[in-house]
Amino acid sequence: MKFAYEAFEELFPEKEMPNIEIKYSNRFSAYNANVKYKHGLKNELNFALSKNWRKVDDSIKKGLIQSLMIKIYRKQYSNLPRKTIYTDLYNNFTKNLHMSIEKTKAEPSLVESFQRVNQKYHSDSVEQPNLEWGEYSKRTLGTYNYQTDTIKISKYFENANQKFLDIVMHHEILHKRLKFKCNSSKTYHHSAEFKSLEKGFEEYEKVNKEMQNFIRYKRLPVASTQYIASHKNKELNNNKNLQKQFSLKKWLFG
Ligand SMILES: [Zn+2]
């Protein structure tokens, strides 16, 4: 708990200390966290951290807390540093997390796609992450999640042309391979290097265009329609609750 007060004090030596609460929660995927805050007579910052943060060193947790504080306050305080030695520690910690994460999900057709693409375009250099199907989504074709070392691919690709699946897989593998680049204030996910490697995919422009067309006209399997409708409602409600809350979105790459 002391680390949270220190985190604040080092960023704001002159500012009044808010009420700070730290909770460890089961609600999150591994190493996720968020903060909710209230400004009032006495400001309140409520941090929720996934359970596995408990056993992590305080200096790394301090970096996590400072990263979230910087997100909250950076608009209000323009001279607030964008990074500290602790946020650097924390960023390095997250970059190496994938090594300690247990691999439990390996959807066979995704594993095949991963191995094809890893061999052809990445010299077999990328360690296999968890691989699973996501929701039926046309907007999010794939994601790579750092904390859980998981590539998820939209379920629309389940029985799709192999090339379409592979081009999405290639994009997500690049996220895992290149991680993120920090440039003091901005984090680049799709850097120039990323885009140029992405175009290394055989007949990239053509396959990408065909894949976009495929997804545009692809119909949802009938049995799933109802599920999606109820899921969408849930999503809307969740968005309402998300006001004044910052999560570690940067760990999730689309
Ligand atoms: Zn991306």
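The values are calculated or read from the model by the stated rules, or taken from the named source; none is laboratory data. Treat the numbers as computed from the prediction; the structure is a model and nothing was measured. Don't worry about glycine lacking a Cβ; one is built from the backbone with ideal geometry, like all the others, and counts go over all protein chains shown.
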### Number of the condition not met by GLU21 [criteria: (1) outside any helix (DSSP H, G or I); (2) under 23 Å from the mean Cα position of the chain (by Cα); (3) surrounded by 12 or more Cβ atoms within 10 Å (Cβ to Cβ); (4) not polar (S, T, N, Q)]
(2)
### Task
Mind counting the residues in the range 203-236 that are out of contact with any helix residue (DSSP H, G or I) (no Cβ under 8 Å at 6 or more places or on another chain) and modelled with pLDDT of 75 or more?
10
### Task
Hey, can you tell me all the residues within the range 65-83 that are among the polar types (S, T, N, Q) and out of contact with any Ser or Thr (no Cβ under 9 Å at 6 or more places or on another chain)?
GLN76, SER78, ASN79
### Message
If I filter the range 105-120 for residues that are within 16 Å of the ligand (Cβ to nearest atom), surrounded by 21 or more Cβ atoms within 10 Å (Cβ to Cβ), at pLDDT 95 or above and of a type in the set (Ser, Thr, Tyr), do I get at least one hit?
### Response
no
### Task
Please tell me if GLU127 is charged (D, E, K, R), without any contact (Cβ under 8 Å) to a residue 24 or more places away in the chain and over 28 Å from LYS218 (Cα atoms).
no
#### Entry: Residue that is at pLDDT 90 or above and either assigned by TED's automatic domain parsing to the domain that holds TYR146 or surrounded by 14 or more Cβ atoms within 10 Å (Cβ to Cβ) (or both), where the choices are TYR77, TYR31, TYR90
TYR90
